[in-house]
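Trainee: What follows is a structure written as structure tokens; I'll ask about it next.
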Amino acid sequence: MLEVRSLSIHFHRYARGLRRTVLTPVVDLDLKVSAGEVVAVVGSSGSGKSLLAHAVLGILPSNAHIEGEIWYKGQLLTPERQAAMRGRRIALIPQSVSFLDPLMRVGAQVLRAAQLSGKNRHSAAAQRAIFQRYQLPLEVERWYPFQLSGGMARRTLVSMAVVGEAELILADEPTPGLHPEVVQETLNHLRQLADEQRGVVLITHDIQAALQVADQIAVFYAGTTVEIAPVTAFSGKGEGLLHPYTQALWRSLPQNEFIPLPGMQPSPQDLPQGCLFAPRCPLATAECTAERPTMRAIAQNQVRCIHAQG
Amino acid sequence: MNILRYLIKKLLRLILLLFTISVLSFTLVSLSPIDPVQAYVGAEMMRIGPEQRQRIAERWGLNDPPVVRYMRWLSSLMRGDLGTSAIYNQPVSQVIRQRFFTSLGLMGTAWVLSGVLGFLLGVLSGARAGSWVDQIIRFYAYLLASTPAFWLALLLLIVFAVFLKWAPVCCATPPGVLPEQVTFAQRLHHLVLPALTLSIIGIANITLHTRQKLITILNSDYILFARAQGENLFGLIWHHGLRNIALPAITLQFASISELFGGSVLAEQVFAYPGLGQATVQAGLRSDVPLLLGIVLFSTLFVFTGNALADILYHLIDPRIRLGVES
Ligand code: SF4
């Protein structure tokens, strides 16, 4: 359904003295999402994951430059196609209530989302129906966003994404700092959407959340996906994981060995030569820094490491 | 309950403000080197003797110490009497009323015009930030923000009244016509230039403010989400932008009443427009203490009301304040 092929995003910024700096928060990213599937993109905060969603929707800021290709249902996405699909075919579930207009009633905002999704004639009915589906009481229609509880805000944001007939849902960090029950509920909603044959991309830093609902997990490091593995590979001692970073990430979890990985992610302003993980990789060799590894299919996984073996 | 407490607080503050301002202006006028009798009598000064002069001063109570004069003025104010204007030979309240209505047309027109135009220009400029349209609007706004009102008034007067003769050179009505016979069109004709001056000056502030606010909003999370829903630039501004910039713009426009008042003093002087501003200048130049104090009190009240309205409006319109942020 969605296929992202070696997507890079650069930002040009003019620093003092007209010196131009280039930030590259997304590097050669690959991702594939099929209908009926939740793909979690997991990476630490500030690793440019949100930009992936914005790039798919075509709503990056104007100083961003994109390389690579994004395919949707066999069509190469151009800016024009993206404009036609935003809100209709591809929808975003944002992070928090701050993504709602603070001065517009909640009902009106959901209604507007319905209108934009192409349900012009039936938008009012669609809005009512979606309120019912997500158990939002009718009076919430007349509320303002600041009046919503955490759970209601979540359900409102989800309902705005699916009030139309979007087939691809991009959920950008939908569970930050929420009550465990609300987190669970939100994850269940995402699972349901996938079970209705939609494609769901769950962008998160919370690997636990990802493990609960995802079919595939794409591990994000320094702006690229280093490994895409089925959720079943994340078990035991991580024998099913093939990339050194993924293995290290798995071992660092509290319920596993809880061994943190030393070092830091490289800055998007000055990325290392060759493999982005090389400066921290215990298996790095001279070949690793020669050029950027490409994604290779090994067993059920996709791995960006020249030394990985099944 | 809350509203009541708020109003009482405002009222107390107003009374304190009026008192302070009246003491301050009284002190300033007492220190003024202009002799009110001489200013009143003018060129005839040579013809009146010292006794006559003394009599006038006595009748006006000018010989008493300032504190006594102030107390006398204050006690008659308590009875609702603002005193009599020396230069117009009318009760101060009457002068202010007449003059204020003349000024009100002028200020009101300028207020609405500058508000609407300034807002529209600000939206246009903010929506296309960085484009040539934006550059032009901003250049214009900065230019105006640094233009003195009287200078602009003179410029307009020279171009439109003296050279082009499209507008009258002075006054609110044609000279030599009885007030009852002045037509509405004539009044409007006389209003155009002074109102234009004030509007042009008033536009800059609201334009720049609206532009900045719109740019901030267009970079907000909720605009990003609206774009993700497929909203285009027009939709973004129509559905989310206007709603969010209108409130600060209205507040600013109410708060700008004081500047409008200040501007009208200068504009009325240049156009010899017989409004409150012109009366203020006259009262100051000729040391007409009761009139000056009356105008000062009145304009304080006027400006204060403007600011209070802005404040109250904010509370009534913004749902976050109106409904109270509970949790
Ligand atoms: S390519 Fe080399 S440096 Fe990169 S992850 Fe694999 S072994 Fe480590």
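The values are calculated or read from the model by the stated rules, or taken from the named source; none is laboratory data. Quick caveat, the model's predicted, so the values are computed rather than measured. FYI the Cβ positions are ideal-geometry reconstructions off the backbone, even for glycines, and counts take in every protein chain you see. Areas reflect the complete protein model, heavy atoms only, side chains present, ligands, DNA and RNA absent. Shrake-Rupley method; radii C 1.70, N 1.55, O 1.52, S 1.80 Å.
Trainee: Within the accessible area of the protein assembly as shown, what % is carbon and sulfur when the probe is 1.4 Å and the other protein chains stay in place? Kindly include the intermediate steps, with their values, before the conclusion.
Mentor: Details: 19340 of 31750 Å².
Roughly 61 percent of what the probe reaches on the protein assembly as shown is carbon or sulfur.
Trainee: Per 10 Å bin, what is the whole-percent P(r) computed from every C-alpha pair distance within the range A:1-107?
Mentor: 12, 40, 33, 14, 2, 0
Trainee: Okay, next question. Give the relative contact order (percent, whole number) for the range A:28-140; include only Cα pairs under 8 Å separated by 6+ residues.
Mentor: 16
Trainee: Please compute P(r) over all alpha-carbon pairs of the range B:71-118, binned at 5 Å starting from zero, and give each bin as a whole-number percent.
Mentor: 5, 19, 16, 16, 13, 10, 10, 8, 4, 1
Trainee: Now for a different question. So, counting K/R as plus one and D/E as minus one, what does the shell of residues with Cβ under 12 Å around A:G118 add up to?
Mentor: With Lys, Arg at +1 and Asp, Glu at -1, the net is +4.
Trainee: Take every residue in peptide B:227-240, count the Cβ atoms of other chains within 10 Å of its Cβ, and give the average of those counts.
Mentor: 6
Trainee: Next question, about the same structure. Report, as an integer, the average count of C-beta atoms from other chains found within 10 Å of each Cβ along A:103-113.
Mentor: Counting Cβ atoms of other protein chains within 10 Å of each residue's Cβ and averaging gives 3.
Trainee: Under the rule of -39500 (n - 2.57) per DSSP H run of 4 or more residues, summed and divided by the residues of the protein assembly as shown, what mean residue ellipticity at 222 nm is obtained, to the nearest 500 deg cm²/dmol?
Mentor: Values: 22 runs with 314 residues, N = 637.
Taken over the protein assembly as shown, the calculation gives -16000 deg cm²/dmol.
Trainee: Would you mind calculating the gained length between B:R59 and B:S32 on full extension (0.36 nm times residue separation, minus the Cα-Cα distance), in nm to one decimal?
Mentor: Working: separation 27, 0.36 × 27 = 9.72 nm, distance 1.98 nm.
That pair, B:R59 and B:S32, stretches by 7.7 nm at full extension.
Trainee: May I ask you to list the trypsin sites (Lys or Arg not before Pro) in the range A:247-307 that are in a DSSP loop and have at most 10 other Cβ atoms within 10 Å of their Cβ?
Mentor: Filter output for the range A:247-307: empty list.
Trainee: Note the angle between two axes, namely the Cα long axis of helix B:242-255 and the longest principal axis of the Cα atoms of chain B, as a number of degrees from 0 to 90, rounded to the nearest 10.
Mentor: Between the helix axis and the principal axis of chain B, the angle is about 10 degrees.
Trainee: Okay, next question. Taking the Cα atoms of the range B:259-324 alone, what are Rg (to one decimal) and Dmax (as a whole number) in Å?
Mentor: Taking only Cα atoms of the range B:259-324, I get Rg and Dmax of 16.6, 53 Å.
Trainee: Then there is this: Among A:H54, A:H122, A:H243, which one shows the highest mean-square fluctuation when chain A is modelled as a Gaussian network with alpha-carbon springs under 10 Å?
Mentor: Result for chain A, Cα springs under 10 Å: A:H122 fluctuates most.
Trainee: With the crude spin-label approximation of a point 7 Å out along Cα→Cβ, what separation in nm comes out for A:A35 versus B:F101?
Mentor: Label-label distance for A:A35 and B:F101, simple model: 7.6 nm.
Trainee: Roughly how many Å is it from the Cα centre of the range A:46-109 to that of the range A:180-234, as a whole number?
Mentor: Result: 19 Å between the Cα centres.
Trainee: Over chain A, what is the relative contact order in percent, taking alpha-carbon pairs closer than 8 angstrom and at least six residues apart?
Mentor: Result for chain A is 21 percent.
Trainee: Another one. Could you order A:D28, B:D288 so the one with the most accessible surface comes first? Probe is 1.4 Å. Before the final figure, lay out each step's value.
Mentor: Numbers: A:D28 45, B:D288 0 Å².
Listed by decreasing accessible area, they come as A:D28, B:D288.
Trainee: Please report the Cα spread of chain A along all three principal axes, rounded to whole Å, starting with the longest.
Mentor: Between the extreme Cα coordinates on each principal axis of chain A lie 63, 50, 38 Å.
Trainee: Within chain B, what's the longest run with no trypsin sites (Lys or Arg not before Pro) in a DSSP loop and at most 11 other beta-carbon atoms within 10 Å? Give the range, please.
Mentor: Details: sites that count: B:R79, B:K165.
Counting only loop sites that pass the neighbour cut-off, the longest clear stretch is B:166-327.
Trainee: Still on this model: Separation between the A:Q132 and B:R72 pseudo-spin-labels, each 7 Å from Cα along Cα→Cβ, expressed in nm?
Mentor: Distance between label points: 8.3 nm.
Trainee: Okay, next question. Of the peptides B:21-29, B:263-271, how do they stack up when ordered by the mean number of other Cβ atoms within 10 Å, highest first?
Mentor: Values: B:21-29: 15.4, B:263-271: 24.8.
So the peptides B:21-29, B:263-271, ranked by packing, come out B:263-271, B:21-29.
Trainee: If all Cα-Cα distances of the range A:266-310 are sorted into 10 Å bins from 0 onward, what percent lands in each bin, rounded to whole numbers?
Mentor: 28, 51, 20, 1
Trainee: Compute the Cα gyration tensor for the range A:181-298, then decide on rounded, prolate or oblate, letting a ≥ b ≥ c be the square roots of its eigenvalues: rounded whenever a/c is under 1.5, prolate when a/b is larger than b/c in the other cases, and oblate in all that remain.
Mentor: Numbers: a/c = 2.03, a/b = 1.73, b/c = 1.17.
Here the range A:181-298 falls in the prolate category.
Trainee: With an 8 Å cut-off on Cα pairs and a minimum separation of 6 or more residues, tell me the relative contact order of the range B:92-326 in percent.
Mentor: Numbers: 258 pairs, mean separation 68.6, N = 235.
Here the relative contact order equals 29 percent.
Trainee: Order A:59-69, B:145-155, B:117-127, B:252-262 from most to least packed using the mean count of other Cβ atoms within 10 Å.
Mentor: Ranked by mean Cβ neighbours within 10 Å, highest first: B:117-127, B:252-262, B:145-155, A:59-69.
Trainee: In addition: For the range B:249-269 and the range B:120-189, compute the distance between their C-alpha centroids and round to whole Å.
Mentor: Comparing the Cα centres of the range B:249-269 and the range B:120-189, I get a distance of 15 Å.
Trainee: Once ligands and nucleic acids are excluded and a 1.4 Å probe is used, how much of B:Y142 is accessible, expressed in Å² to the nearest 10?
Mentor: 130
Trainee: Taking beta carbons within 10 Å but only from partner chains, what does the mean come to for residues A:94-100?
Mentor: 4
Trainee: Hey, another quick one. How far is helix A:180-195 tilted off the main Cα axis of chain A, in degrees rounded to 10, range 0 to 90?
Mentor: 90
Trainee: If you scale each eigenvalue of the Cα gyration tensor by 5 and take the root, what three semi-axes come out for the protein assembly as shown, rounded to whole angstrom and sorted largest first?
Mentor: 71, 26, 24
Trainee: Another question about this same structure. Tell me, Kirkwood radius of the range B:92-326 from alpha-carbon pair distances, in Å?
Mentor: Answer for the range B:92-326: a Kirkwood hydrodynamic radius of 19.6 Å.
Trainee: Hey, another quick one. Around A:E3, with a cut-off of 11 angstrom between Cβ atoms, what is the net charge of the other residues, counting Lys and Arg +1 and Asp and Glu -1?
Mentor: Cβ neighbours under 11 Å give a net charge of +1.
Trainee: Less than 11 Å Cβ to Cβ from A:L136, Lys/Arg counted +1 and Asp/Glu -1: what total charge do the surrounding residues give?
Mentor: +2
Trainee: Gap in Å between the Cα centre of the range B:207-226 and the Cα centre of the range A:250-295?
Mentor: After rounding, the separation between the Cα centres reads 39 Å.
Trainee: Ballpark to the nearest 100 Å², how much total accessible area do B and A bury together, probe 1.4 Å?
Mentor: 2200
Trainee: Taking chain A as a Gaussian network, where each spring joins two C-alpha atoms under 10 Å apart, which residue of A:A284, A:A166, A:A114 fluctuates the most?
Mentor: Comparing A:A284, A:A166, A:A114 in a Gaussian network model of chain A, the most mobile one is A:A284.
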